[in-house]
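Chemist: Here it is: the structure, laid out below.
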Amino acid sequence: MSATRREVEVDPLRHRERFGPDGENDFFWLSGSDGLLRFWTCSDCGYRTHPASGVCARCLSRDGGPQPVSGLAAVLTYTVNVQRWVADQEPYVIAIVGIDEQLDLHLTTNVIDVDPWAVRIGDRVEVAFLHRHDLYYPLFRLVA
Amino acid sequence: MSSQFEHQSVISGIGQSAVGRRLGRSAIDLTTEAAVNAIEDAGLSRQDIDGITTYPGGDNLTSFGYAGPPPSQVIDALRLEPNWFQGSGELPGQLGAIVAAMMAVSAGLARHVLVYRTVTESTAQGGGGRASVYDPDGAAPPNVMGWPRVFGAPSASNWLAMLATRHFHEFGTTREQLGQIPVACRHHAGFNPVATYRDPLTLDDYLAARMISWPLCLFDCDVPVDGSTAIIVSARDTVPELRTAPVYIEAVGTAFRGRYTWDQQPDLTQMAATGAADHLWSRTSLRPADVDTAQLYDGFSILALIWLESLGFCKPGEGGPFVEGGARITLGGELPLNTSGGQLSEGRLHGYGLVHEATVQLRGRGAARQVPNARVALVSNGGGPIAGAMLLTAEPPD
């Protein structure tokens, strides 16, 4: 885990929606305040359930809570959004990344600080948090 | 008669309202137009209608034209006296409302059910497109659509572009292959007087079109329209009373498998279509080779391609080669696809235009776009976690 992880300074999106709150995943949107990405993790079997729902999707244990992961992931698929849903928005990358610690744990996110047309499936990425709307959005940068 | 519940119902009537861009008419106005047309088509009167249902129900205004009027409004407008009614979006695909109607018939709750799907998205969006009904600094709903939305993915075009990218990556599918679907749909729309876009579209036009969300361009996206489609589902033993030869329901596919999300499915080249398709084929002895025409959900071109694979018309990953060159899926080919023009050219009637067209084809009323001797038609609805399918026949089952 990188203690020197840089926060995102410039959001490639001119506007960004907030999520929820939903009473179950609010921790997820605040987790990045200390630079760590967390998922609801089962205390009994170790499985990470996302989105969180109060129960482990694998063993049905209710004993668990947010636990950090390394923040490393791989791009599983992506798109370059070109359509201007809002005025004057430049193209940006939306990606689904697979979290290193658990193959079936995906996040839709943005890959940032890169030429949008240069991102490829399989690229290694690392989380970087964007602090906006009082939430910490987990975005990802290519691993150098 | 077969004990399979599908075989206890028929499609006895179909009706459409005017369909087009920014008609400026209300949802209830369009819905009652389609409903009256369908009731008349079946040779029934409104007093015969004892059930009513729609997808998704809810509210037309707060959904920006996505939902039509709720059943309560149609019941009152037409002074219906239903023994059963329901509006729901929590169903296996949009055609899940037709399945619900069939269940009401087989349960003995209703004899003639009016099913409708109405959209006024074109008028609701006005000249500004989807951007005009999107608050980019608002609160995304904390549900399966909210998770992608907060990352600047407000549109299903973004979510399904990622499905296409992964399919291109794993199987070598190309834009030249994918583009054959909108090109074939536009060709078919040229034979459909009520299709929204009828001018010819070439593959070069497609490749030159502006990008929406790579690799999907403008012509990969369906056309928001205003319009209503009504389908009458009747008990099979009422067939002697009907005006028109009915269409039979051989089997439905309603099963859901996998994760109900847009981004967590283990195989990012598949969708809920797989579960619905497998379920459909488990309920019939007919096989893909028996299908004369396919009316597959094309909210985006890539969805129709994935449905072709899921339904077994080709193997997973082989959708690109299957549609390559376009001949196979064009009228005159072995599997004419979306013969009304589909949502890509006829307009986004949200699955029900496809049900309507399958019925037209099985009745032999397709005129210039008729598939010769069409006896079996497959209809699918939905994309991502939403999926439902029906196999329709011109002859009675058994």
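Chemist: Take chain B, connect every pair of alpha-carbon atoms lying under 10 Å apart with a spring to form a Gaussian network, then pick out the residue of B:GLY347, B:GLY58, B:GLY388 with the largest mean-square fluctuation.
Modeler: Judging by the Gaussian network model, the answer is B:GLY58.
Chemist: While we're looking at this one, here's another question. Considering every residue in B:143-150, what mean count of other chain Cβ atoms within 10 Å of its Cβ is obtained?
Modeler: Partner Cβ neighbours, averaged per residue: 6.
Chemist: Quick one: what do you get for the stretch A:26-142 if you divide its Cα Rg by 2.2 N^0.38 Å? Can you show the working numbers first?
Modeler: Values: Rg = 15.3 Å, N = 117, 2.2 N^0.38 = 13.4 Å.
After normalising by residue count via 2.2 N^0.38 Å, the value is 1.14.
Chemist: Under 10 Å, Cα contacts only: if you run a Gaussian network model on chain B, which one of B:VAL150, B:VAL105, B:VAL371 comes out with the highest mean-square fluctuation?
Modeler: Top of the fluctuation ranking is B:VAL150.
Chemist: Give the Kirkwood hydrodynamic radius (Å, one decimal) of chain B, defined as one over the mean of 1/r across all pairs of different Cα atoms. Intermediate results must be reported in sequence, preceding the final value.
Modeler: Details: mean 1/r = 0.0482 Å⁻¹.
20.7 Å is the Kirkwood radius here.
Chemist: Return the single residue from B:GLY333, B:GLY179, B:GLY227 with maximal mean-square fluctuation; model: Gaussian network over chain B, springs between Cα atoms under 10 Å.
Modeler: Result for chain B, Cα springs under 10 Å: B:GLY333 fluctuates most.
Chemist: Next question. Rounded, prolate or oblate for the protein assembly as shown? Axes are the square roots of the Cα gyration tensor eigenvalues, ordered a ≥ b ≥ c, and the cut-off for rounded is a/c under 1.5. List each step's numbers first, then the result.
Modeler: On the way: a/c = 1.82, a/b = 1.64, b/c = 1.11.
Because a/c hits 1.5 or more and a/b exceeds b/c, the protein assembly as shown counts as prolate.
Chemist: Give the relative contact order (percent, whole number) for the stretch B:277-324; include only Cα pairs under 8 Å separated by 6+ residues. Show your work: numbers first, answer last.
Modeler: On the way: 28 pairs, mean separation 14.5, N = 48.
Contact order relative to length: 30 percent.
Chemist: Among A:LEU30, A:HIS133, A:SER53, pick out the residue whose Cα is farthest towards the positive end of the charge dipole of chain A, where Lys and Arg carry +1 and Asp and Glu carry -1 on C-beta, about the Cα centre.
Modeler: Selected residue: A:SER53.
Chemist: Let me ask something else. Using only the alpha-carbon atoms of the stretch A:69-110, report the extent along each of the three principal axes, biggest first, to the nearest angstrom.
Modeler: 38, 16, 11
Chemist: Ok, one more. So, with +1 on the Cβ of K and R and -1 on the Cβ of D and E, and no other charges, what is the size of the charge dipole of the stretch A:26-142 about its Cα centre, to the nearest 20 debye? Show your work: numbers first, answer last.
Modeler: Values: 9 positive and 14 negative charges, 41 e Å.
Using only the charged Cβ atoms, the result is roughly 200 debye.
Chemist: A follow-up question, please. For the stretch B:223-330, state what percent of all Cα-Cα pairs lands in each successive 5 Å bin, counting from 0 Å until the bin that includes the largest distance.
Modeler: The distribution over the stretch B:223-330 is 2, 10, 16, 19, 17, 17, 12, 5, 3, 1, given as percents.
Chemist: Can I ask one more? Order these by the 10 Å Cβ neighbour count, fewest first: B:ASP278, A:ASP115. Walk me through the numbers on the way to the answer.
Modeler: On the way: B:ASP278 16, A:ASP115 9.
Fewest-to-most ranking of B:ASP278, A:ASP115: A:ASP115, B:ASP278.
Chemist: Same structure again: Calculated from DSSP H runs of 4 or more alone, at -39500 (n - 2.57) each and per residue, what is the 222 nm mean residue ellipticity of the protein assembly as shown, nearest 500?
Modeler: On the way: 15 runs with 122 residues, N = 542.
It lands at -6000 deg cm²/dmol.
Chemist: To make sure I understand, if each residue's beta carbon is the centre and we count other beta carbons within 10 Å, what order do B:PHE151, B:PHE313 fall in, fewest to most?
Modeler: Values: B:PHE151 27, B:PHE313 24.
With the sparsest Cβ surroundings first, the list reads B:PHE313, B:PHE151.
Chemist: Nothing charged except the Cβ atoms of Lys and Arg (+1) and of Asp and Glu (-1): what's the magnitude of the dipole of chain B about its Cα centre? Round to the nearest 20 debye. Don't skip to the end; give the middle numbers.
Modeler: On the way: 27 positive and 39 negative charges, 41 e Å.
Around 200 debye, computed over chain B.
Chemist: Next question, about the same structure. How large is the Kirkwood hydrodynamic radius of the stretch B:298-383, in angstrom, based on all distinct alpha carbon pairs?
Modeler: Values: mean 1/r = 0.0759 Å⁻¹.
Here the Kirkwood hydrodynamic radius works out to 13.2 Å.
Chemist: Would you mind counting up the charge near B:THR62? Only other residues with Cβ under 15 Å from its Cβ, with Lys and Arg at +1 and Asp and Glu at -1. Please report the intermediate quantities before stating the final value.
Modeler: Values: positive: none; negative: B:ASP59, B:GLU121, B:ASP135.
Cβ neighbours under 15 Å give a net charge of -3.
Just so you know, all these numbers are worked out from the coordinates, no wet-lab data involved. As the structure is a computational prediction, the values presented were derived from the model and not from experiment. So basically every Cβ, Gly included, is an ideal-geometry build from the backbone, and we count neighbours across all protein chains shown.
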